[in-house]
Amino acid sequence: MDLIIKNGTIVNSKESRQADLYIKNGKIESIKDSWLYTEIPGTEVIDAQNMLVMPGGVDVHTHLEMPFMGTYSTDDFLTGTIAAAMGGTTSIIDYAIPKKRESLKKALEKWHKKAKSKAVIDYGFHMAIVPPIDRPLEEFEFLAESGVTSIKCFLAYKSSLMASDVDLYRILEKARKHKILVCNHAENGEIIDYLTKQLLNEGKKEPIFHAYSRPPGLEEESVSRVIKLAGMTKTPVYFVHLSSKGAIKEIKRAKKDKQKVFAETCPQYTVLSEHKYFSKNFEGAKYVMSPPLRKYKHCSSIKKGIKEGVIDVIATDHCPFNFNKEKRMGLRDFTKIPNGMPGIETRMAVMFNEMVVKQGLSPNEFVRLNCSNPAKIFGLAQKGDLKEGKDADIVIWNPDLIWKIKQEHLHENVDYTPFEDYIVTGKPVTVISRGDVIVNNGEFKAEPGRGMYISRHTSKPAYS
Ligand SMILES: [Zn+2]
């Protein structure tokens, strides 16, 4: 059914205005000042008085049903996308990860299969490039033609996913040729490997040593190295989940030098700090992810980076494992704790509270970081903006509602949230995806499999 959203404040990345929004056939038909509006027969009317009407969130970093150490991340494309929708997110880009020596085509088929009958919101894929890279390099053209216009390079995880410097250089050369954006997990894997062995030899096996095995300097060094190599091949690069002060400094410098560099962070790096690893009863394992949580001064730098526009995108790196099950694999050895935590449902609320309510960021900047920039940078032409002709992906947001985050009220398929008892102001109330109301006043109502694959375009900010 067609819809009219009345009386709300329309918030785009550049401006806000009091207006009504008319949705026809799943697209935004028109946005007009309230007083001009006459109701159109046969449409449903949603009253958005005192609400912000924003583009649906775009989360460009998720790992749904991701194979790991004989198990899988616990949210699949059904539970994960329902949780996303409940949190105000209407598109995701998930990382397809091929097995060693598996063709990218095969990996992509697998990810399509995981998503197709389950996703309730629209989704695209990035592709991870795992060594040996000779064969994957031959498939870059296929990727671009399949709407996968970004890839991921791991500079960490030695002897599994890690690309060598030569691998990275060759990937950068080839990516430029096919106008593919290279996303980087930047941490120095060689030295992490060395430090990890040293800690284990010394019998240091508790969760805190996960953080000590990958200090912030190793992120800074890796970011700097990628920037230099990308500068030589003239390839635009994107950095996932940045967590440290030094990394922000490197990104800032590269941007100042007019290099095409894009940066992402995640809510956890702004509000959670390293002291979580000291939690009793192995609870530090809940926060084991890579990069790890840092000392609080790093959280401050990340927030400053967000405010100054050094950070372009906020995503989640949503990769949940149950505390009482999968995380327990590492009870006696931090290297066996599955890396990752949930966040797909709480991203928008945590960031609205932290950056808009507490730090004074404008709702427009909030939209830019969580919706429009990710859509633009990753070639989601129909998403991320409330403009005539775009998909009607919309979140109606109550900016004044105060609530407490509780795992038992969330929809993520995992037994904890790292944001338990976090009190936030601002909550998604109603969520619309291509004109369908999929969350109505906090209640989810949509069929599995309604989400559609988004064949992505070349990144304009990267390649123009
Ligand atoms: Zn990730």
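Quickly run through the stretch 30-83 and pick out the residues that are away from the ligand (no atom under 16 Å from the Cβ) and of a type in the set (Gly, Ala, Ser).
Once the filter is applied, which keeps residues that are away from the ligand (no atom under 16 Å from the Cβ) and of a type in the set (Gly, Ala, Ser), the stretch 30-83 yields SER30, SER34, GLY42, ALA48, GLY56, GLY57, GLY70, ALA83.
How many residues does the stretch 305-326 contain that are part of a loop (DSSP other than H, G, I, E, B), closer than 25 Å to GLY384 by Cβ and more than 16 Å from the ligand (Cβ to nearest atom)?
Qualifying residue count, the stretch 305-326: 5.
Restricting to the stretch 166-180, name every residue that is buried (at least 21 other Cβ atoms within 10 Å of the Cβ) and among the aliphatic types (A, V, I, L, M).
LEU168, ILE171, LEU172, ALA175, ILE180
Taking the stretch 65-82 as the region of interest, how many residues are under 17 Å from ARG450 (Cα atoms) and touching a helix residue (DSSP H, G or I) at 6+ places or on another chain (Cβ under 8 Å)?
Residues flagged as under 17 Å from ARG450 (Cα atoms) and touching a helix residue (DSSP H, G or I) at 6+ places or on another chain (Cβ under 8 Å) within the stretch 65-82 amount to 2.
Would you check which residues across the stretch 279-301 are touching a residue at least 24 places away in the same chain (Cβ under 8 Å), open to solvent by 50 Å² or more (accessible area, probe 1.4 Å) and closer than 15 Å to ILE337 by Cα and list them?
GLU283
Do you know which residues across the stretch 327-367 are outside any helix (DSSP H, G or I), surrounded by fewer than 24 Cβ atoms within 10 Å (Cβ to Cβ) and over 19 Å from the mean Cα position of the chain (by Cα)?
LEU331, ARG332, ASP333, GLN359, GLY360, LEU361, SER362
With GLU15, GLU102 as the choices, which residue is closer than 24 Å to MET351 by Cβ and surrounded by fewer than 21 Cβ atoms within 10 Å (Cβ to Cβ)?
So the residue among GLU15, GLU102 that is closer than 24 Å to MET351 by Cβ and surrounded by fewer than 21 Cβ atoms within 10 Å (Cβ to Cβ) is GLU15.
Confirm whether ILE344 is farther than 20 Å from THR79 by Cα and either away from the ligand (no atom under 16 Å from the Cβ) or in contact (Cβ under 8 Å) with a residue 40 or more places away in the chain (or both).
no
Any residue in the stretch 255-267 that is under 26 Å from LYS325 (Cβ atoms), under 14 Å from the mean Cα position of the chain (by Cα) and surrounded by 24 or more Cβ atoms within 10 Å (Cβ to Cβ)?
yes
Select from the stretch 238-258 the residues that are over 29 Å from PHE278 (Cβ atoms), more than 16 Å from the ligand (Cβ to nearest atom) and touching a residue at least 40 places away in the same chain (Cβ under 8 Å) and list them in ascending order.
ILE251, LYS252, LYS255
Just to be sure, is ILE151 farther than 26 Å from ASP393 by Cβ, under 24 Å from the mean Cα position of the chain (by Cα) and within 16 Å of the ligand (Cβ to nearest atom)?
Answer is no for this residue.
Go through the stretch 1-63 and tell me which strands (runs of 3 or more DSSP E), entirely inside it, have 3 or more residues that are under 30 Å from ALA263 (Cα atoms) and of a type outside the set (Gly, Ala, Ser).
Hits in the stretch 1-63: 3-11, 52-55, 57-62.
Mind listing whichever residues of the stretch 417-442 are in contact with a helix residue (DSSP H, G or I) (Cβ under 9 Å, 6 or more places away or on another chain) and either open to solvent by 10 Å² or more (accessible area, probe 1.4 Å) or free of Cβ contacts under 8 Å to residues at least 60 places away in the same chain (or both)?
GLU420, TYR422, ILE423, THR425, LYS427, PRO428, GLY442
Among the residues of the stretch 84-95, which ones are over 16 Å from GLU345 (Cα atoms) and either away from the ligand (no atom under 16 Å from the Cβ) or crowded, with 24+ Cβ neighbours inside 10 Å (or both)?
none
Show the residue pairs meeting these rules: Cβ distance below 6 Å; 6+ apart or different chains; first residue within the stretch 308-330 and of a type in the set (S, T, N, Q); second residue within 16 Å of the ligand (Cβ to nearest atom) and modelled with pLDDT under 95.
Taking only residues 6 or more apart or on different chains, not a single pair turns up.
Can you tell me how many residues in the stretch 215-226 are buried (at least 23 other Cβ atoms within 10 Å of the Cβ) and of a type outside the set (Asp, Glu)?
4
Go through the stretch 123-181 and give me each residue that's touching a residue at least 40 places away in the same chain (Cβ under 8 Å) and in a helix (DSSP H, G or I).
Those that are touching a residue at least 40 places away in the same chain (Cβ under 8 Å) and in a helix (DSSP H, G or I): PHE140, ALA144, ASP165, LEU168, TYR169, ILE171, LEU172, GLU173, ALA175, ARG176.
Within the stretch 52-83, restricting attention to residues that are among the acidic types (Asp, Glu) and on the phi < 0 side of the Ramachandran plot, which residue is most open to solvent (accessible area, probe 1.4 Å)?
ASP76
How many residues are of a type in the set (A, V, I, L, M) and touching a residue at least 60 places away in the same chain (Cβ under 8 Å) when one looks only at the stretch 200-231?
5
Considering only the stretch 314-324, I want to know if a residue exists there that is open to solvent by less than 40 Å² (accessible area, probe 1.4 Å), charged (D, E, K, R) and over 20 Å from the mean Cα position of the chain (by Cα).
No, the conditions are met nowhere in the stretch 314-324.
Examine the stretch 431-452 for a residue that is assigned to a loop (DSSP other than H, G, I, E, B), more than 26 Å from CYS319 (Cβ to Cβ) and aliphatic (A, V, I, L, M), and state whether such a residue exists.
No, every residue in the stretch 431-452 fails to be assigned to a loop (DSSP other than H, G, I, E, B), more than 26 Å from CYS319 (Cβ to Cβ) and aliphatic (A, V, I, L, M).
The values are calculated or read from the model by the stated rules, or taken from the named source; none is laboratory data. On a predicted model such as this, the values are computed, not experimentally measured, just so you know. FYI the Cβ positions are ideal-geometry reconstructions off the backbone, even for glycines, and counts take in every protein chain you see. SASA here: full protein model, heavy atoms, side chains in, ligands and nucleic acids out. Shrake-Rupley method; radii C 1.70, N 1.55, O 1.52, S 1.80 Å.
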